[in-house]
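The values are calculated or read from the model by the stated rules, or taken from the named source; none is laboratory data. Given the structure is predicted, the values throughout are model-derived calculations rather than measurements. All Cβ positions, even for glycine, are placed from backbone atoms using ideal geometry, and neighbour counts span all protein chains on display.
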2 protein chains.
Amino acid sequence: MRVELRLAGYGGQGLITAAVILAEAAGLYMGREVVQTQSYGPEARGGSSKADVIISDSRINYPKARHLDVLLALTQEACDKYFQNLKEGGTLLIDETYVTVSPTPQAYVIPARKTVREVFGKDTFINTVALGALAELVEELDHQAVKKALSSRVPPKTLDDNLKAFELGVNLGRKAKDAPPLKPADADL
Amino acid sequence: MRVELRLAGYGGQGLITAAVILAEAAGLYMGREVVQTQSYGPEARGGSSKADVIISDSRINYPKARHLDVLLALTQEACDKYFQNLKEGGTLLIDETYVTVSPTPQAYVIPARKTVREVFGKDTFINTVALGALAELVEELDHQAVKKALSSRVPPKTLDDNLKAFELGVNLGRKAKDAPPLKPADADL
């Protein structure tokens with residue numbers, strides 16, 4: 001078992017924190033081997049951000065993500081750029097506000113940004129909503145483990161809001177799973 | 001130019017955050033290529049924590065740290081375990097409370113934990129003190145870049161305390177640099 005996940009968007013969306021939480025969920029609470037990586041180069045200096053998580057049931061000798069099983073894209077640019085690295089049949093999770101053109105009808109589309117704006121009045125916690133959706137959509141992730149890792153890493157004062165955001169994300173993930181594939185005409189969301 | 005740093009200790013000391021800050025300092029504000037990695041396996045489940053940062057002026061093809069230029073050790077276990085990965089003449093930075101036996105007289109010893117206890121009344125910010133000391137001791141790191149990355153990543157409410165902790169660390173690093181090598185008899189601190 002080897003699962004490669006990439007969380008991509010722009011700096012400030014909290015994707016590194018989300019990746020560290022996923023890594024701790026799998027590494028500390030699910031007994032997996034995990035490597036979590038972020039790279040910074042010219043692109044990052046343009047404001048884009050990407051964090052990778054590789055989860056395995058055995059020692060990870062090659063720590064670079066090459067064939068993604070899961071791609072979370074929170075900007076159109078990230079979606080366009082990394083979709084080519086997603087395996088055929090891999091899970092693409094996109095936000096409906098930030099990503100307006102899906103490269104495939106098989107994408108899971110969630111209104112993460114819209115939801116955090118409505119519920120919290122700001123964009124904070126969009127990463128936690130995404131975590132909830134990932135916990136729901138990626139079968140190798142255990143809800144309780146992700147929740148535990150989330151709880152132990154976020155500032156105590158924000159715990160209640162984070163847990164709320166997580167559950168919102170779980171529900172959005174469930175709805176996205178039950179939604180029919182995007183029609184070709186809908187591929188432009 | 002390729003510099004490999006490892007920050008090692010136990011979970012809760014904030015070493016992953018410190019490593020992300022170093023990576024952002026070098027990647028976003030110093031124009032370097034950077035790969036920042038944490039791995040989780042059976043050891044991590046025992047409570048130990050380690051985060052690696054590789055900084056280069058060209059593309060990083062091999063993203064694993066193998067020959068460390070810098071090792072920050074905030075537990076005796078981390079020091080004993082990873083000292084063998086430190087290059088000859090590499091920089092070893094240890095805390096005097098957590099690491100009581102130095103594997104070499106050439107170590108830089110700082111009272112990071114003692115200082116944060118005295119100044120803040122708790123262990124929080126020990127990672128930021130360590131960051132300050134690293135910024136001072138590692139010539140490839142630029143003070144202002146580390147400060148900028150620190151400022152943009154910590155919660156705004158903690159910014160003043162973090163900047164204070166950073167400066168304390170810079171001073172401790174400076175003192176450690178000026179201190180004579182540990183005498184063989186002092187190797188047991």
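In this structure, is A:Val129 in contact with a Lys or Arg (Cβ under 8 Å, 6 or more places away or on another chain), assigned to a helix (DSSP H, G or I) and hydrophobic (A, V, I, L, M, F, W, C)? No. Could you figure out which of (1) under 14 Å from the mean Cα position of the chain (by Cα); (2) in a loop (DSSP other than H, G, I, E, B); (3) closer than 25 Å to A:Ala26 by Cβ isn't true of B:Gly12? Result: B:Gly12 fails condition (1) only. Condition first: crowded, with 22+ Cβ neighbours inside 10 Å and outside any helix (DSSP H, G or I). Now tell me which residues in the stretch B:15-36 satisfy that. Those that are crowded, with 22+ Cβ neighbours inside 10 Å and outside any helix (DSSP H, G or I): B:Arg32, B:Val34, B:Val35, B:Gln36. Name every residue in the stretch B:93-108 that is in contact with a strand residue (DSSP E or B) (Cβ under 9 Å, 6 or more places away or on another chain) and within 12 Å of B:Leu74 (Cβ to Cβ), in order of residue number. Within the stretch B:93-108, B:Leu93, B:Ile94, B:Asp95, B:Glu96, B:Tyr98, B:Val99 meet the criteria. Looking only at residues that are more than 10 Å from chain B (Cβ to nearest Cβ), touching a residue at least 24 places away in the same chain (Cβ under 8 Å) and among the charged types (D, E, K, R) in the stretch A:53-83, which one is nearest to A:Tyr98 (Cα to Cα)? Out of the qualifying residues, it is A:Glu77. Inside the stretch A:143-183, residues that are more than 24 Å from B:Gly11 (Cα to Cα) and not in a loop (DSSP other than H, G, I, E, B) make up a count of 14.
In the set A:Ile16, A:Ile54, only one residue is of a type in the set (Val, Ile, Thr) and touching a Pro at 6+ places or on another chain (Cβ under 8 Å); that residue is A:Ile54. Scanning the stretch B:87-126 for residues that are of a type in the set (S, T, N, Q) and not in a helix (DSSP H, G or I) yields B:Thr91, B:Thr97, B:Thr100, B:Ser102, B:Thr104, B:Gln106, B:Thr124. Considering the stretch A:154-189, the residues that are surrounded by 16 or more Cβ atoms within 10 Å (Cβ to Cβ) and at pLDDT below 95 include one that is farthest from the other protein chains (Cβ to nearest Cβ), namely A:Leu182. For the stretch B:19-52, the set of residues classified as closer than 16 Å to A:Arg59 by Cα, within 9 Å of chain A (Cβ to nearest Cβ) and among the charged types (D, E, K, R) consists of B:Arg45 only. All told, B:Glu4 meets the bar of being at pLDDT 95 or above and over 23 Å from A:Ala149 (Cβ atoms). Residues in the stretch A:45-75 that are more than 18 Å from the chain's Cα centre (by Cα) and either among the charged types (D, E, K, R) or in a helix (DSSP H, G or I) (or both): A:Arg45, A:Asp57, A:Arg59.
Considering only residues that are in contact with a Ser or Thr (Cβ under 6 Å, 6 or more places away or on another chain) and not aromatic (Phe, Trp, Tyr), which ones fall in the stretch B:2-54? Residues satisfying the conditions are B:Arg2, B:Gly9, B:Gly11, B:Leu15, B:Glu33, B:Val35, B:Thr37, B:Asp52.
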